[in-house]
1. Against the empirical 2.2 N^0.38 Å scaling, what ratio does the C-alpha Rg of the stretch 190-241 come to?
2. Any idea what the alpha-carbon Rg over 2.2 N^0.38 Å comes to for the chain?
3. What are the semi-axes of the equivalent ellipsoid for the stretch 140-272, taken as the square roots of 5 times the Cα gyration tensor eigenvalues, largest first, in whole Å?
4. Using a 10 Å cut-off around each Cβ, can you sort 28, 148 from fewest to most neighbouring Cβ atoms?
5. Starting from the Cα gyration tensor of the stretch 112-165, multiply each eigenvalue by 5, take the square root, and state the resulting semi-axes largest first in whole Å.
6. Report the full-extension gain for the segment residue 70 to residue 1: residue separation times 0.36 nm, less the Cα-Cα distance, to one decimal in nm.
7. Compute the angle between helix 233-242 and the longest alpha-carbon principal axis of the chain, please, reported from 0 to 90 degrees and rounded to the nearest 10.
8. Where does helix 78-87 land angle-wise versus the long Cα axis of the chain, in degrees 0 to 90, nearest 10?
Ligand code: PEP
Ligand code: MN
């Protein structure tokens with residue numbers, strides 16, 4: 001087991017005492033310390049398996065008592081929280097669908113505050129990171145001390161290779177805002193298929209994650225939920241052996257020297273960029289004044305199209321992505337129009 005990676009693993013759903021004990025036993029042998037299993041399952045459509053509910057709580061407690069693992073499950077309302085606490089479960093996660101609802105999050109936060117339980121918060125299914133930040137703030141505000149977060153990607157209209165669209169920048173922004181909140185990646189829900197869990201996990205590690213929550217089932221093909229994305233314990237072991245974790249930093253002299261040189265170059269270019277943008281804006285201001293004096297309209301589509309064509313052609317010559325340049329120039333254009341529109 002790679003000691004640099006913090007792991008939570010277990011089935012999507014707890015289905016039977018036997019399935020829970022068998023999966024947890026295999027994971028414990030691999031050195032996994034924290035077991036996950038959903039008891040109350042938020043299913044998109046009715047008529048599918050919605051979890052065994054509180055009936056499975058004693059199975060999770062058995063995992064803790066007999067295997068010495070920490071155990072966690074998903075809670076979606078205050079009643080779930082109370083049932084977990086009454087059973088002696090002290091680690092819970094808030095699922096993506098629940099994070100999207102501030103009323104539910106507040107109710108759960110109030111039930112958890114001051115209990116000392118560990119709580120993990122998944123990002124919402126919709127691409128609205130503010131809801132995620134809001135949930136973290138509600139839990140912190142309620143007095144939850146041991147708080148972590150789980151990145152599981154977003155549901156979007158445009159279908160990608162993965163079940164969810166990763167949008168990794170959101171994870172980076174979360175880390176910037178909440179450096180003290182441990183951030184897990186959930187490659188299982190993000191990927192949506194067992195064959196892709198390994199590559200998503202590796203990508204997460206390359207981007208600086210050092211904690212993963214992975215769905216593992218003793219017999220995935222028989223799973224009652226998310227059958228296609230769960231790994232067998234042995235596939236999970238193979239994946240773990242192949243993962244290469246990256247250090248957050250390195251003190252090696254040649255690495256430091258290379259990075260210092262390259263960063264000095266970036267810093268100098270950033271100065272030039274900002275100065276250039278300021279000079280460009282000054283010209284926009286003067287153009288705005290001239291248009292006003294000449295009583296000419298601010299937006300001139302033909303001129304703008306010509307600018308965009310020229311910069312994307314130059315960008316192409318320099319190996320820059322056309323979409324990237326267009327996004328930047330649309331922002332510049334918008335700011336320039338706002339400047340010319342000033343009274
Ligand atoms: C789960 O972890 O089983 C789950 C339902 O995930 P999410 O809330 O990310 O969809
Ligand atoms: Mn699942």
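Quick note: the coordinates plus some simple rules give every number you see, no bench work behind them. Just so we're clear, the structure is a prediction, and the values are computed from it rather than from any experiment. Heads up, the Cβs are rebuilt from the backbone with ideal geometry, glycines too, and the neighbour counts pull from every protein chain shown.
1. Normalised Rg, Cα atoms only: 1.11.
2. In units of the 2.2 N^0.38 Å rule of thumb, it is 1.24.
3. Semi-axes, largest first: 32, 19, 16 Å.
4. 28, 148
5. Taking √(5λ) for each Cα gyration eigenvalue gives 28, 11, 6 Å.
6. Between residue 70 and residue 1, full extension yields 23.1 nm more.
7. It works out to around 40 degrees.
8. That works out to roughly 40 degrees.
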